[in-house]
1. Being assigned to a strand (DSSP E or B) and more than 17 Å from the chain's Cα centre (by Cα), is that true of even one residue in segment 354-365?
2. When only residues in segment 75-98 that are polar (S, T, N, Q) and either part of a helix (DSSP H, G or I) or within 16 Å of the ligand (Cβ to nearest atom) (or both) count, which is farthest from Pro15 (Cα to Cα)?
3. Would you point out the residue of segment 387-411, among those that are assigned to a loop (DSSP other than H, G, I, E, B) and closer than 28 Å to Tyr193 by Cβ, that is modelled with the lowest pLDDT?
4. Can you go through Leu205, Leu260, Leu212 and tell me which one is in contact (Cβ under 8 Å) with a residue 60 or more places away in the chain and more than 17 Å from Gly134 (Cβ to Cβ)?
5. Note down all Cβ pairs under 9 Å where the first residue falls in segment 299-310 and is of a type in the set (Ser, Thr, Tyr), the second is more than 6 Å from the ligand (Cβ to nearest atom), and they're at least six residues apart or on different chains.
6. Taking Leu260 as meeting all but one of (1) closer than 17 Å to Gly14 by Cβ; (2) surrounded by 24 or more Cβ atoms within 10 Å (Cβ to Cβ); (3) within 12 Å of the ligand (Cβ to nearest atom); (4) of a type in the set (A, V, I, L, M), write down the number of the exception.
7. Can you name the residue in segment 191-216 that is outside any helix (DSSP H, G or I) and at pLDDT 95 or above and is also surrounded by the most Cβ atoms within 10 Å (Cβ to Cβ) among such residues?
8. Looking at the structure I just gave you, is Ile108 hydrophobic (A, V, I, L, M, F, W, C) and surrounded by 14 or more Cβ atoms within 10 Å (Cβ to Cβ)?
Amino acid sequence: MIERKVSVMVVGAGPAGIAAATKAAQLGLETVLVENRDILGGIPLQCVHPGFGLHYFKEDMTGCEFIHRLIDRMHRAGVETIVNAYVHSIEFYSQLEKNVNVVTQSGILRINTKTVIYTAGARERHLFELNVHGDRIDGIYTAGEAQTIMDLYGVLPGKDVVIIGSGDVGLIMARRFALEGANVKAVIEIMPYPGGLLRNIVQCLKDFNIPLYLGHAVTEIIGSKRVEAVKVAKVDEDQRPIRSTEFEITCDTVVIAAGLVPNIDLLEKIGVAVDPRTKGPIVNEYLETSIPGIFAAGNALVVNDLVDYAAEQGEIAADGAKIYIENCGIPTRNWTRIKPGRNLRFVVPHYVSRERDVVLYARVQKPERNVYLSIANFKAKMLSLRPAEMIRIKIPFNRILEDNHRVISVEVVPYE
Ligand SMILES: Cc1cc2nc3c(=O)[nH]c(=O)nc-3n(C[C@H](O)[C@H](O)[C@H](O)COP(=O)(O)OP(=O)(O)OC[C@H]3O[C@@H](n4cnc5c(N)ncnc54)[C@H](O)[C@@H]3O)c2cc1C
């Protein structure tokens, strides 16, 4: 077994991990970044479409352009990276001692580290989680699989395509297939409103005349060896299919773009507390989990529609790691719990110190216009909020000081 000793160990080299490792190295911490695949970059590597970096670099870039700029910056900061290295387990011994066991091509590598920044991204939801009947035949792909086949290996997975899910991933895949000459027959969305950003609905569906069925679900996939058709039905208020409305769409390919779930198996194994709303870890404002010195960022913390926020969270976690190492642990604070109130599905982070400004990320439960986002004495006007668009807002600490409750609620309130 090979042994190493570092201050910061970053798990996963997507945008969150790369930004975290860069920041940690810039802060003077000895940092190693470990990536499972044979290449650094995570999801943006396979994204040839624009829409990346609008906030972070103030430029509209493709996923590949964005990630290569982050990688260049990381190399200049002197981060050590190891690819083809799968983080298998994390062991917690004490405040400043954790072991991370990594399977590499040259054997098992044991990294002894003071802090871990966990940025292993999210996994795609699959057919078994969607209540779709029928055989598991050829022609069914998750969006990530279809994107990898098309944009990394240059192969078109099918010609007549139905996409399940109108989140950004589904919308972008609809456009990718259309641009490659496939016939995108429909995007099927179970909710009564689209799941993706407004700009993606216009640029990916309207511009290509791709039909969007809102309030509908795919109930069955039909075919013997390969997909031949799907059955689609309207759903009722409880999202149950109304059988009398069922109809068929012929197709040879079904792409499942039904959402992502934070990939936190390794953290759950060591007992990190999980928020059932985000399905990611519960964290304080340093993005430190319930286990001291273990931080989480990016899609492993909360599924981000924008890469900018994933990278920003990586940097917040790196700042947290620096403070943690300096103090032999984040100093015990009088933590205040932040709770999602009216029309909010979740808020991250879950605990704040009220001693410094904090960035909150939240999502609404249902679309709403002309509202305030309100927390203690802080109110921000919001013209339009949609579940697909993550709210990101910086709260000045002095605006939440006066409310001396141990739990304060963030809520969406209509204009008076
Ligand atoms: C199809 C699609 C289109 C998108 N389009 C846009 C867009 O237009 N604009 C935008 O701003 N954002 C977009 N996004 C969102 C953006 O890509 C994500 O928010 C971002 O990639 C999340 O970064 P991450 O680092 O958290 O995760 P990821 O990018 O998923 O990276 C996680 C990394 O961790 C590695 N890993 C996992 N487990 C282990 C392990 N055990 N050991 C070692 N390594 C491991 C993985 O291999 C991966 O490289 C899109 C996402 C998708 C899926």
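1. Filtering segment 354-365 for residues assigned to a strand (DSSP E or B) gives 358-364.
Now restrict to residues that are more than 17 Å from the chain's Cα centre (by Cα): 358.
Within segment 354-365 (the criterion being assigned to a strand (DSSP E or B) and more than 17 Å from the chain's Cα centre (by Cα)), the answer is yes, since at least one residue qualifies.
2. Taking segment 75-98 and keeping what is polar (S, T, N, Q), we get 81, 84, 89, 94-95.
Now drop any that are not either part of a helix (DSSP H, G or I) or within 16 Å of the ligand (Cβ to nearest atom) (or both), which leaves 81, 84, 89.
Details: Thr81: 14, Asn84: 17, Ser89: 22 Å.
Checked segment 75-98; the qualifying residue farthest from Pro15 (Cα to Cα) is Ser89.
3. Looking only at segment 387-411, we keep the residues that are assigned to a loop (DSSP other than H, G, I, E, B), and these are 387-390, 396, 400-406.
Imposing the further condition that a residue be closer than 28 Å to Tyr193 by Cβ reduces the set to 387-390.
Working: Pro387: 88, Ala388: 84, Glu389: 89, Met390: 94.
Checking each candidate, the answer is Ala388.
4. On the way: Leu205 fails: in contact (Cβ under 8 Å) with a residue 60 or more places away in the chain; Leu212 fails: in contact (Cβ under 8 Å) with a residue 60 or more places away in the chain.
That would be Leu260, the only listed residue that is in contact (Cβ under 8 Å) with a residue 60 or more places away in the chain and more than 17 Å from Gly134 (Cβ to Cβ).
5. Pairs that qualify, where the first residue is of a type in the set (Ser, Thr, Tyr) and the partner is more than 6 Å from the ligand (Cβ to nearest atom), are Tyr309/His55; Tyr309/Tyr56; Tyr309/Val302; Tyr309/Val359; Tyr309/Tyr361; Tyr309/Met390; Tyr309/Arg392.
6. Just one mismatch for Leu260, condition (2).
7. So the first thing to find is which residues in segment 191-216 are outside any helix (DSSP H, G or I), and the list is 191-197, 209-216.
Next, only the ones that are at pLDDT 95 or above stay: 209-216.
On the way: Asn209: 8, Ile210: 20, Pro211: 11, Leu212: 20, Tyr213: 19, Leu214: 16, Gly215: 17, His216: 23.
Among those residues, the one meeting the criterion is His216.
8. Judged against the criteria, Ile108 is not a match.
The values are calculated or read from the model by the stated rules, or taken from the named source; none is laboratory data. All values derive from a computational prediction rather than experimental measurement. We place every Cβ from the backbone using ideal geometry, glycine too, and count neighbours over all the protein chains shown.
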